[in-house]
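The values are calculated or read from the model by the stated rules, or taken from the named source; none is laboratory data. Since this is a predicted model, take the numbers as computed values, not measurements. All Cβ positions, even for glycine, are placed from backbone atoms using ideal geometry, and neighbour counts span all protein chains on display. Only protein heavy atoms, including side chains, enter the accessible area calculation; ligands, DNA and RNA are left aside. Shrake-Rupley method; radii C 1.70, N 1.55, O 1.52, S 1.80 Å.
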Amino acid sequence: MRNVRNSWYGLLFLAVLARAGGGSVKPDVEVCLNPGGDAAAVLRAESMATRIYGEIGINLVWRRESAGVDSSCVVITLAERTPDRERPGALAYALPFEGGSVVVFDDRVRALGWRSLTTTLLAHVFAHEIAHVLQGLDHHSGSGMMKSRWEYSDYKEMEREGLAFTHDDIEMLRRGLELRLARNLRRSARDDVNGGGL
Ligand SMILES: [Zn+2]
């Protein structure tokens, strides 16, 4: 029964992807970001991250409201005045196994990025951490978007073309999204039952 249900979720997910392939609909992923930081730079970074995900067939939908307990939102908190002892050297971290939240050390991103890079770097940090949450993994790749630590050459590449997800990264995103969709369907089915609706 479990297998039958899982296959059905898989088919539904494939149907969503098929529609995405038709050019009109991509699977939506909601991202809830707390207001903060340099608002204009954050907006530009959001739209850049949306473009990065659009290229791999995923539609990011950004929201400002805080997520409810049952929300499927990827919650991003922009942190300021990060103490030196807090994950030294890290620009951000994700908790993919604990509800899927992300903390971005906005002050460190601004301090590291030279002026023309800051927004691009913030967009890449968003894209990297959102991928951890969607994949449900803390996996890193040897190059590109999911590299564990970017180096100077990566920053230069961000400015030129932008970093890309590898084929394996995209495959893990596809599998992770499929699981998320199944989880959300199970949750709404449970809510229907608990709600006593028809
Ligand atoms: Zn990472």
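In table form, for the structure just shown:
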quantity: Accessible surface, 1.4 Å probe, highest first, among residues Trp150, Trp114; calculated: Trp114, Trp150
quantity: Fully extended contour minus Cα-Cα distance, from Asp168 to Lys156, at 0.36 nm per residue; calculated: 2.0 nm
quantity: Whole-number percent relative contact order across region 88-179, with pairs defined as alpha carbons under 8 Å at least 6 apart; calculated: 26
quantity: Residue order for Asp107, Asp169 - accessible surface, 1.4 angstrom probe, largest first; calculated: Asp107, Asp169
quantity: For Ser101, distant residues with modelled amide H under 5 Å away; calculated: Leu95
quantity: For Val29, distant residues with modelled amide H under 5 Å away; calculated: Asn59, Leu60, Val61
quantity: Ser153 - accessible surface, heavy atoms, 1.4 Å probe, Å² rounded to 10; calculated: 70
quantity: Accessible area of Asp28 in the full protein assembly, 1.4 Å probe (Å², nearest 10); calculated: 100
quantity: Cβ-based net charge around Phe105, under 15 Å, with every Lys or Arg adding one and every Asp or Glu removing one; calculated: -1
